[in-house]
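Participant: Before I ask anything, here is the structure I am working with.
We did not get these values from a lab; they are worked out from the coordinates using the rules stated. The structure displayed is predicted, hence computed values, not measured ones. Cβ sites come from the backbone with ideal geometry, for glycine too, and all protein chains shown count toward neighbours.
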């Protein structure tokens, strides 16, 4: 585990990796947009079965606590970090408060400063625009290194109205 404490108005106050499981579960339970693939047990399952290790990161800001679910392979400069790996669902931040572009930009700036050879984030589609905008700002500032945000789409149908109502909508 490593913990970094920072004092900067745009940066998280604390960054801890891997994220403590109990705090991660607490934050994910509060976040109305959290997906199953952003839960600690999902990363644990990937770590046990697919050769990945937990590379999650806890970010404590003055106004929010967030977790970036992530896995990693390799070591040192050969580390590949993904949130989440191909065909393993969506990653990106879960948070106990609304996620802002400033939060995402601070997280991306933190990730750029790590030794990973590549970091790829496939955020929850409902937050993808925020991630893409933050990455563009960092790219314009010339500080993006080995970092990819790959937005994706998810198609969801609310089945609660019942079969007849759902069929009628199509």
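Participant: Only bridges whose two residues both fall in segment 1-139 count here: according to DSSP, what percent of them are antiparallel, nearest 5?
Facilitator: Approximately 80 percent, going by the DSSP bridge assignments.
Participant: Express in nm, to one decimal, how much length is gained between residue 129 and residue 60 on full extension, taking 0.36 nm for each residue of separation and deducting their alpha carbon distance.
Facilitator: Gain in length upon complete extension: 22.6 nm.
Participant: Under a plain spin-label model, where a point goes 7 Å from the Cα along Cα-to-Cβ, how far apart in nm are residue 97 and residue 30?
Facilitator: 0.9
Participant: While we're looking at this one, here's another question. Given the Cα-Cα distance of residue 115 and residue 13 and 0.36 nm per residue of separation, how much length would full extension add, in nm?
Facilitator: Between residue 115 and residue 13, full extension yields an extra 34.7 nm.
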